[in-house]
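Asks: Input: one structure, supplied below.
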Amino acid sequence: MNELLKKSAAEQSKALKNKEISAVELTNAAFDRIEKLDEKLGAFNSLTKETALNTAKKVDEKIAKGEELPLLAGVPLALKDNMNLKGSKTTASSKILENFVSPFNATVTEKLLGNLVPIVGKANLDEFAMGSSNENSAFKKVHNPWDLKKVPGGSSGGSAASVAACEATLALGSDTGGSIRLPASFCGIVGMKPTYGRVSRYGLIAFASSLDQIGPFARTVEDAANLLEVISGHDPKDSTSLNLPVEHYAANLNNDIKGMKVGVIKELMTEGLSEDVQKAIEKAIEDYKKLGAEIVEISLPNLKHSIGIYYILATAECSSNLARFDGVRYGYRTPDAKNLMEMYTKTRAEGFGPEVKRRIMLGTYALSSGYYDAYYKKAQQMRALVTQDFVEAFKKADILISPTCPNTAFELGAKASDPLAMYLTDIATISANLAGIPGLSVPAGFDRDGMPIGLQILAPQLQESRLFNAAHKFERANDYYLKLANI
Ligand code: GLN
């Protein structure tokens with residue numbers, strides 16, 4: 001492998017500017033790596049070589065002319081396969097969209113292309129981003145680069161695995177209940193979910209619209225901060241996008257955090273925590289003390305309801321969002337229907353996988369008359385209580401920390417037949433989506449089998465800079481981030 005692929009985006013940018021390597025060479029090195037490795041890993045649904053190399057050529061032209069390069073220009077990136085790149089397939093890892101070619105670019109894609117970031121391919125995911133292990137892809141499973149027998153986490157498993165295995169330096173994922181932070185934690189990299197509305201979702205295939213956010217994956221906090229800067233901003237095409245200026249998130253990474261109040265979420269430090277994860281988080285607390293932070297204990301009394309709330313709201317919203325896949329406008333249509341109704345039902349029965357069907361049925365039930373008040377409305381009311389818990393918590397603490405997940409990556413198949421056990425994997429991540437606050441996962445050590453552990457950090461809405469600052473200080477107080485999967 002080209003050694004430069006192991007470096008951070010910041011270091012790769014420097015090497016490009018110093019003409020140690022050309023952008024075309026770097027992009028080709030990424031493709032060599034993918035071609036050698038991805039059969040084992042399964043991180044990519046498709047490669048977008050032409051787009052990537054065209055972008056890389058533009059970078060090299062700019063360098064030759066001595067022009068200034070935009071942020072992250074020339075750094076290879078993997079795009080989760082639920083975001084549109086014009087002229088290439090967007091499958092959401094579903095049979096129903098297996099042959100769907102996107103006629104337009106997502107806003108994030110436009111921004112990446114505008115900054116001359118080569119998009120090397122479309123990363124595998126759980127079908128329609130529903131899952132925590134990436135075993136729900138209709139095409140193939142993703143394997144964890146640290147141990148191929150284990151899951152990479154989901155739903156953005158391909159994005160996380162590709163960055164952890166140095167097939168790409170950066171990736172985008174989407175996070176509805178933890179789908180960026182969980183795979184980042186299982187794969188030993190940084191993954192960040194921004195404040196709801198910070199990044200436009202135009203061109204992202206909707207799962208649960210009141211929860212979905214797009215965010216960055218990288219091997220360092222600095223790279224993640226820069227990628228967030230590239231993709232953030234107001235977009236008239238997404239009515240939930242916030243009309244606020246984009247910050248230079250990497251500007252404050254090195255600020256002193258002396259006196260910062262770090263809240264430890266009590267409820268996430270007890271129940272079901274694996275011994276090794278607990279030790280790693282306790283060590284993180286000690287690290288923050290050494291950095292001069294003040295540790296406070298925080299209780300989020302309604303956190304225990306968050307999974308129940310989520311599985312009503314997310315399924316209700318997905319049952320509505322996925323109604324558009326009906327065999328008429330997009331993708332797959334059953335070949336042998338006798339009438340219109342049969343065309344709809346057969347198309348959906350044949351096109352969707354079991355987890356997606358389960359969610360559509362649960363959501364339709366929660367929204368049906370007679371049950372709406374008991375389930376959907378109740379869940380909405382409970383969501384407000386979870387949000388209020390955070391408002392109270394942030395009166396006492398500047399940031400909150402917890403494990404990203406109570407355990408490390410599990411074996412492929414271990415939870416595949418037990419949806420409830422799978423849903424519980426998201427206990428630490430879901431509440432941030434309910435409250436719309438930003439959160440990230442940063443490497444925090446390894447368990448006894450050498451599998452990565454993630455520290456989750458949460459901040460109040462729009463305090464991305466504070467979040468990156470606290471994460472960067474912790475990252476640089478340790479050397480976990482320098483250790484790469486041996487694959
Ligand atoms: N694991 C959660 C689910 O299955 C979250 C998914 C996500 O964030 N997209 O719904």
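The values are calculated or read from the model by the stated rules, or taken from the named source; none is laboratory data. As the structure is a computational prediction, the values presented were derived from the model and not from experiment. Because the Cβ atoms are built from the backbone with ideal geometry, glycine has one as well, and the counts that use them run over all protein chains shown. Calculation scope for accessible area: heavy atoms of the full protein, side chains included, ligands and nucleic acids excluded. Shrake-Rupley method; radii C 1.70, N 1.55, O 1.52, S 1.80 Å.
Asks: Could you tell me which numbered condition Gly154 fails, if it satisfies all but one of (1) away from the ligand (no atom under 13 Å from the Cβ); (2) assigned to a loop (DSSP other than H, G, I, E, B)?
Replies: Unmet for Gly154, out of (1) away from the ligand (no atom under 13 Å from the Cβ); (2) assigned to a loop (DSSP other than H, G, I, E, B): (1).
Asks: Still on this structure: Of the residues in the stretch 246-280, how many are touching a strand residue (DSSP E or B) at 6+ places or on another chain (Cβ under 6 Å) and at positive phi? Write out each step before concluding.
Replies: Step one: of the stretch 246-280, the residues touching a strand residue (DSSP E or B) at 6+ places or on another chain (Cβ under 6 Å) are 246, 261-266, 268, 277, 280.
Right, trim to at positive phi and you get none.
Residues flagged as touching a strand residue (DSSP E or B) at 6+ places or on another chain (Cβ under 6 Å) and at positive phi within the stretch 246-280 amount to 0.
Asks: Next question. Is it fair to say Ala316 is among the hydrophobic types (A, V, I, L, M, F, W, C) and more than 13 Å from the ligand (Cβ to nearest atom)?
Replies: Working: among the hydrophobic types (A, V, I, L, M, F, W, C): yes; more than 13 Å from the ligand (Cβ to nearest atom): no.
Considered against the rule, which asks whether it is among the hydrophobic types (A, V, I, L, M, F, W, C) and more than 13 Å from the ligand (Cβ to nearest atom), Ala316 comes out as no.
Asks: Please work out which residue is farthest from the ligand (Cβ to nearest atom), limiting yourself to the stretch 207-223 and to residues that are open to solvent by less than 10 Å² (accessible area, probe 1.4 Å) and small (Gly, Ala, Ser).
Replies: Ranking the qualifying residues of the stretch 207-223, first place goes to Ala218.
Asks: Can we say Ser137 is open to solvent by 10 Å² or more (accessible area, probe 1.4 Å) and part of a loop (DSSP other than H, G, I, E, B)? Write out each step before concluding.
Replies: On the way: open to solvent by 10 Å² or more (accessible area, probe 1.4 Å): yes; part of a loop (DSSP other than H, G, I, E, B): yes.
Yes: the conditions hold for Ser137.
Asks: Then there's this: Could you tell me whether the stretch 340-348 includes any residue that is touching a helix residue (DSSP H, G or I) at 6+ places or on another chain (Cβ under 8 Å), within 27 Å of Gly272 (Cα to Cα), open to solvent by 20 Å² or more (accessible area, probe 1.4 Å) and of a type outside the set (S, T, N, Q)?
Replies: Checked against the condition, which is being touching a helix residue (DSSP H, G or I) at 6+ places or on another chain (Cβ under 8 Å), within 27 Å of Gly272 (Cα to Cα), open to solvent by 20 Å² or more (accessible area, probe 1.4 Å) and of a type outside the set (S, T, N, Q), the stretch 340-348 yields no hits at all.
Asks: Could you figure out which of (1) in contact (Cβ under 8 Å) with a residue 40 or more places away in the chain; (2) farther than 25 Å from Lys289 by Cα; (3) away from the ligand (no atom under 16 Å from the Cβ) isn't true of His472?
Replies: In the conditions (1) in contact (Cβ under 8 Å) with a residue 40 or more places away in the chain; (2) farther than 25 Å from Lys289 by Cα; (3) away from the ligand (no atom under 16 Å from the Cβ), His472 misses (2) alone.
Asks: Let me ask you something else. Could you tell me how many of the residues in the stretch 90-124 are assigned to a helix (DSSP H, G or I), open to solvent by less than 10 Å² (accessible area, probe 1.4 Å) and of a type outside the set (A, V, I, L, M)? Please lay out each step first, then the result.
Replies: Taking the stretch 90-124 first, the residues assigned to a helix (DSSP H, G or I) are 95-97, 107-114.
This time we only want the ones that are open to solvent by less than 10 Å² (accessible area, probe 1.4 Å), so: 96-97, 108-109, 112.
When the remaining residues are screened for being of a type outside the set (A, V, I, L, M), the result is 109.
Residues flagged as assigned to a helix (DSSP H, G or I), open to solvent by less than 10 Å² (accessible area, probe 1.4 Å) and of a type outside the set (A, V, I, L, M) within the stretch 90-124 amount to 1.
Asks: Sticking with this structure for a sec: Looking at Tyr481, Tyr423 in this structure, which one is of a type in the set (Phe, Trp, Tyr) and away from the ligand (no atom under 14 Å from the Cβ)? If you could, list the steps in order and put the result at the bottom.
Replies: Working: Tyr423 fails: away from the ligand (no atom under 14 Å from the Cβ).
The unique qualifying residue is Tyr481.
Asks: State which residue is most open to solvent (accessible area, probe 1.4 Å) when the search covers only the stretch 362-375 and only residues that are touching a helix residue (DSSP H, G or I) at 6+ places or on another chain (Cβ under 8 Å) and under 18 Å from Leu322 (Cα atoms).
Replies: Applying the filter and picking the extreme gives Tyr365.
Asks: Hey, does the stretch 367-386 have a residue that's within 16 Å of the ligand (Cβ to nearest atom) and more than 22 Å from Leu458 (Cα to Cα)? If you could, list the steps in order and put the result at the bottom.
Replies: Residues of the stretch 367-386 that are within 16 Å of the ligand (Cβ to nearest atom), as a first pass: 379, 383, 386.
Filter again for more than 22 Å from Leu458 (Cα to Cα), leaving 379.
Yes.
Asks: Of all the residues that make up the stretch 319-349, how many are of a type in the set (S, T, N, Q) and within 16 Å of the ligand (Cβ to nearest atom)? It would help to see each step written out before you state the result.
Replies: Filtering the stretch 319-349 down to residues of a type in the set (S, T, N, Q) leaves 319-321, 334, 339, 345, 347.
Now drop any that are not within 16 Å of the ligand (Cβ to nearest atom), which leaves 319-321.
Going through the stretch 319-349 one residue at a time, the tally reaches 3.
Asks: Follow-up. Take the conditions away from the ligand (no atom under 11 Å from the Cβ), buried (at least 24 other Cβ atoms within 10 Å of the Cβ), within 29 Å of Ala73 (Cβ to Cβ) and modelled with pLDDT of 95 or more and apply them to Val199. Does it pass?
Replies: On the way: away from the ligand (no atom under 11 Å from the Cβ): yes; buried (at least 24 other Cβ atoms within 10 Å of the Cβ): yes; within 29 Å of Ala73 (Cβ to Cβ): yes; modelled with pLDDT of 95 or more: yes.
Criteria met by Val199.
Asks: Do we have any residue at all in the stretch 410-418 that's at pLDDT 95 or above, under 18 Å from the mean Cα position of the chain (by Cα) and either within 14 Å of the ligand (Cβ to nearest atom) or buried (at least 24 other Cβ atoms within 10 Å of the Cβ) (or both)?
Replies: No; the residues of the stretch 410-418 include none that is at pLDDT 95 or above, under 18 Å from the mean Cα position of the chain (by Cα) and either within 14 Å of the ligand (Cβ to nearest atom) or buried (at least 24 other Cβ atoms within 10 Å of the Cβ) (or both).
Asks: Go through Gly74, Gly87 for me and flag whichever is open to solvent by less than 10 Å² (accessible area, probe 1.4 Å), in a loop (DSSP other than H, G, I, E, B) and touching a Pro at 6+ places or on another chain (Cβ under 9 Å).
Replies: Numbers: Gly87 fails: open to solvent by less than 10 Å² (accessible area, probe 1.4 Å).
One residue alone meets the criteria, Gly74.
Asks: Filter the stretch 26-35 for residues that are out of contact with any helix residue (DSSP H, G or I) (no Cβ under 7 Å at 6 or more places or on another chain) and touching a residue at least 12 places away in the same chain (Cβ under 8 Å); which is nearest to Asn144 (Cα to Cα)? Walk me through it before giving the result.
Replies: Of the residues in the stretch 26-35, the ones out of contact with any helix residue (DSSP H, G or I) (no Cβ under 7 Å at 6 or more places or on another chain) are 28, 32, 34-35.
Filter once more, so that each one left must be touching a residue at least 12 places away in the same chain (Cβ under 8 Å): 28, 32, 34.
Numbers: Asn28: 23, Asp32: 19, Ile34: 15 Å.
For the stretch 26-35, the residue satisfying everything is Ile34.
Asks: Going residue by residue through the stretch 262-272, is there one that turns out to be open to solvent by 30 Å² or more (accessible area, probe 1.4 Å), within 25 Å of Thr90 (Cβ to Cβ) and in contact (Cβ under 8 Å) with a residue 60 or more places away in the chain?
Replies: No, every residue in the stretch 262-272 fails to be open to solvent by 30 Å² or more (accessible area, probe 1.4 Å), within 25 Å of Thr90 (Cβ to Cβ) and in contact (Cβ under 8 Å) with a residue 60 or more places away in the chain.
Asks: Of the residues in the stretch 426-457, how many are within 15 Å of the ligand (Cβ to nearest atom), out of contact with any Asp or Glu (no Cβ under 6 Å at 6 or more places or on another chain) and over 23 Å from Lys141 (Cβ atoms)?
Replies: Residues that pass the stated criteria total 13.
Asks: Can you work out which of the residues in the stretch 173-187 that are in contact with a Gly (Cβ under 8 Å, 6 or more places away or on another chain) and more than 10 Å from Gln213 (Cβ to Cβ) is farthest from the ligand (Cβ to nearest atom)?
Replies: From the stretch 173-187, those in contact with a Gly (Cβ under 8 Å, 6 or more places away or on another chain) are 173-175, 179-187; that's our starting set.
If we keep only those that are more than 10 Å from Gln213 (Cβ to Cβ) too, we end up with 181-187.
Values: Arg181: 9, Leu182: 7, Pro183: 10, Ala184: 12, Ser185: 13, Phe186: 12, Cys187: 15 Å.
Checking each candidate, the answer is Cys187.
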